[in-house]
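Okay, structure first, notes after.
The values are calculated or read from the model by the stated rules, or taken from the named source; none is laboratory data. Remember, predicted model here, so these are calculated numbers, not experimental data. Every residue, glycine as well, gets a Cβ built from its backbone with ideal geometry; the counts of neighbours run over all protein chains shown. Accessible surface areas use protein heavy atoms only, side chains included; no ligands, DNA or RNA. Shrake-Rupley method; radii C 1.70, N 1.55, O 1.52, S 1.80 Å.
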Protein chains: 2
Amino acid sequence: MAEKGNLLYGQSGGPTSVINASAYGVLSSALEAQKQGKLGKVLTARFGVQGILEDDISPLSAEQTERLPLLTHTPGAAFGSCRHMLKDYEEDETEYLKILEVFKKNNIRYFLLNGGNDSMDTIAKLDKYFTLKAHYDCRCIGIPKTIDNDLPLTDHTPGYGSAAKYIATSCLSIDYDARCYQKGRINIVEVMGRDTGWLTASAGLANIKDQAVDFIYIPESPFDTADFLNKVEALFAKKKRVLAAVSEGIRDQGGQFIAESGAKDAFGHAQLGGAASYLSSLVKNAGYPTRAIELSLAQRSFSSLASKTDVTEAVNAGVYGVKCALKGQSGQMVAFQREEAKAGYQISYVLVPLAKVGGQIKYLPPTMYDAKTASVTEEFLDYASPLIEGEAQPEFCLGLPLFF
Amino acid sequence: MAEKGNLLYGQSGGPTSVINASAYGVLSSALEAQKQGKLGKVLTARFGVQGILEDDISPLSAEQTERLPLLTHTPGAAFGSCRHMLKDYEEDETEYLKILEVFKKNNIRYFLLNGGNDSMDTIAKLDKYFTLKAHYDCRCIGIPKTIDNDLPLTDHTPGYGSAAKYIATSCLSIDYDARCYQKGRINIVEVMGRDTGWLTASAGLANIKDQAVDFIYIPESPFDTADFLNKVEALFAKKKRVLAAVSEGIRDQGGQFIAESGAKDAFGHAQLGGAASYLSSLVKNAGYPTRAIELSLAQRSFSSLASKTDVTEAVNAGVYGVKCALKGQSGQMVAFQREEAKAGYQISYVLVPLAKVGGQIKYLPPTMYDAKTASVTEEFLDYASPLIEGEAQPEFCLGLPLFF
């Protein structure tokens, strides 16, 4: 291996409020290592693996380097992302050969890919290919990222805390808004999460202050429409307002998405019928004032209200990834390990094998959710509360946040 | 008039991020006046005029008084609101007699109503009734409030700046999110505003930083669907992503709401079809990747990102209202007058006659919007930029904002 190999950083999958904070961690510590003579060039791929396949790789410009700290509060994926999946190389080597060619040409000896389940699968496959087939020396390290919090072998994922903070704050604000009329309303808030309930569960954090969120419905627990209507109607009769948070991925007993069933039943059109819209139309037909609210992209992009804990950990994950790569580690993902600490919440950064992470899904455990009352348990609140702690302080100019 | 009459404060109409900041201004300065022996009790009505009609009026509790400063960052309408309209008293005196009875019983000699167009109409009518018919001595002062910014005789309204800041920040974040994929997307963001375009125009503030918002459509300008599709398709071909901000109240040449036409044409159901959903379905049918995003209640309730300018002015409007009432003014609304100042943006607080405000609507002037390019003009940006300046610093605890 060339002593001063180059480092390549890429982003992959859906953006989060803090994936660029991890980019900052990776790139700033890589530049530092470069200064110390431990590293060649610091490169980024445009649109992740897509960019690698097209040899769309470039060193950080002087302007980018100067503006690097702004990454810590910039939404989106600053270097571009993609959802490109690699086949097994035994099945089809074409893309692997292309990537190998680009890596060799650019003398890339350290590769850090920042992404979720599918991206960890991609880098795991590349690591395996480089090691077992191509015998090309390259340290492959995965930096976790997903608002869904569904990566295994890590206490949580960067991006989740900020999304959870936005969701809980929004629900709290929506409840305060609903309180203002004597008439009341049944608000149904739709939260992201097609397969797992971590995000929707975070709505329950709003209840630490006040009873703001009355019911929570997650994909892991079959959704019973009749029971839902009974619950909201009974509570509305008593409390005169109801807030239910539902995951976009809630399914009936048969595994069919509620959103899809709704879209088909009522409008014959799949695109518009979100789960909340559908349930809200049922509530309206039953004669109640109601509103469907889709939190939509803000969940993953409202970096102006990011969790400070999340931003800090996202940066640290990037820094730790570079450190491990330079030490010669490969085929690993940076993970968070929660420590038993008297002082409260504390995290250690560790490595876990990429092969055990890629393509796997971590569901919300049954001990964190009570299907009977449609609410989260104390165990969940204890788990999630520290993750939304602290407010990121983005720089503002002319009333708007400054981005990279 | 009894020398130590009591003061009543009520909220009315839809909430904003800062109506409670005005409540703080009114109540804290009323309590101060009370201490100085200038005022009797400080009372609030539950659910505004509705509460007055039901004699649901109470003095501030000790706990409320202690927690008063939290009002400056609390969404909703902390004392409850309503949308109750009064008929002319010549037509039907019933409710006026009831209100008069409650006012006399509670010795209310100062009445401050915090609301928008309809609420100013209500307090104008009450002032007229007290003066001309009942000969009941009561100082009636309106405190403006509406995210819609459509009150006449005032430079702008409290609530608008914070909503504008949220809308511009959201559009900027959504654009950064959209940049991350090579494939791109046509995002259609739906903004509140059934009659006027002030709110949707504020999306244009995002362009001060960057070209984030490509097209803006407002209710004042007839919406041409074919022209819209041509515009977004042409730009998408060039730029690979488009962000259009549309008002919920956009109408066709014939004055029919686009949202309604959409709902009827495609789904036969009015409730779900917002303007953005409908336009997004057209874009999808034309073969483009697209997403409809309704900013929904967050526009008026996301007080965690309120404009500091807006919060300050909302408090000041309340303080000034009490000051004027105690000086004997009546039948007036507090208004903002923008001063020609070398140092930049500067506001004076003045009074304008309620009779000239109530029920009137201030539209976005043609000089602030260019229908041909579907964008706002420099004149609008110069007008609106100062209103989103500064970040309110709400108190947080356990990762969530502290509310009243």
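The angle between the Cα long axis of helix B:308-326 and the longest principal axis of the Cα atoms of chain B comes to about 30 degrees, rounded to the nearest 10. Taking Cα atoms only, the orientation of helix A:94-105 departs from the longest principal axis of chain A by about 50 degrees. Against chain B, whose longest principal axis comes from its Cα atoms, helix B:225-239 is set at around 60 degrees. With 0.36 nm allotted per residue and the present C-alpha distance subtracted, the A:Thr367-A:Glu260 stretch has 35.7 nm of extension available. Within segment B:112-147, what residues put their amide N at less than 17 Å from the label point 7 Å along the Cα-to-Cβ vector of B:Lys98? In segment B:112-147, the label zone of B:Lys98 (backbone N under 17 Å from the point 7 Å along Cα→Cβ) covers B:122-123, B:126.
Relative to the other identical copies, A:Lys356 shows label-point distances of 7.6 nm, where the label point lies 7 Å from Cα along the Cβ direction and values run shortest first. Taking GluC sites (Glu not before Pro) in DSSP loop states with no more than 15 other Cβ atoms inside 10 Å as exposed sites, chain B has its longest site-free stretch at B:94-338. Would you mind estimating how fast chain A diffuses translationally, via Stokes-Einstein at 10 °C and 1.306 mPa s with the Kirkwood radius over Cα pairs, in µm²/s? Estimated diffusion coefficient is 72 µm²/s. Each Lys and Arg adds +1 at its Cβ and each Asp and Glu adds -1 at its Cβ; summed about the Cα centre, the protein assembly as shown shows a dipole of about 960 debye.
Buried accessible surface for the B/A pair, both sides summed and rounded to the nearest 100, is 5600 Å² with a 1.4 Å probe. Taking trypsin sites (Lys or Arg not before Pro) across segment A:74-155, the ones in a DSSP loop with at most 13 further Cβ atoms lying within 10 angstrom of their Cβ are A:Lys87. Beta bridges from DSSP with both residues in the protein assembly as shown: antiparallel share about 35 percent, rounded to the nearest 5.
The helix-only estimate of mean residue ellipticity at 222 nm for chain B, built from DSSP H runs of length n ≥ 4 each weighted as -39500 (n - 2.57), is -10000 deg cm²/dmol after division by the residue total. For a label point 7 Å from the Cα of A:Glu340 along Cα→C-beta, name the residues of segment A:351-390 whose backbone N is under 17 Å from it. Once the point is set 7 Å along Cα→Cβ of A:Glu340, A:383 turn out to lie under 17 Å by backbone N, inside segment A:351-390. Apply the a/c threshold of 1.5 to the C-alpha gyration tensor of segment A:155-270 and tell me whether it is rounded, prolate or oblate. It is oblate, given that a/c is not under 1.5 and a/b is not larger than b/c. Placing a label point 7 Å from Cα along the Cα-to-Cβ direction at B:Pro289 gives distances to the equivalent points in the other copies of 4.0 nm, listed shortest first. A loss of 50 Å² or more of accessible area (1.4 Å probe, protein heavy atoms, ligands and nucleic acids excluded) relative to the isolated chain is seen in these residues of segment A:285-309: A:Arg291, A:Leu297, A:Phe302.
Taking the protein heavy atoms of segment A:1-152 in the context of the full set of protein chains, the accessible area attributed to carbon and sulfur is 46 percent at 1.4 Å.
Per residue, the accessible area of chain B comes to 37 Å² when a 1.4 Å probe rolls over the protein heavy atoms.
About the centre of its Cα atoms, chain A shows a dipole size close to 620 debye [charges on the beta carbon of Lys, Arg (+1) and Asp, Glu (-1) only; nearest 20 debye]. Distances, shortest first, from the label point of B:Asp370 to those at the same position in the other copies read 6.0 nm; the point lies 7 Å along Cα to C-beta. Qualifying trypsin sites (Lys or Arg not before Pro) in segment B:218-248, where qualification requires a DSSP coil assignment and no more than 16 other C-beta atoms within 10 Å, comprise B:Lys240.
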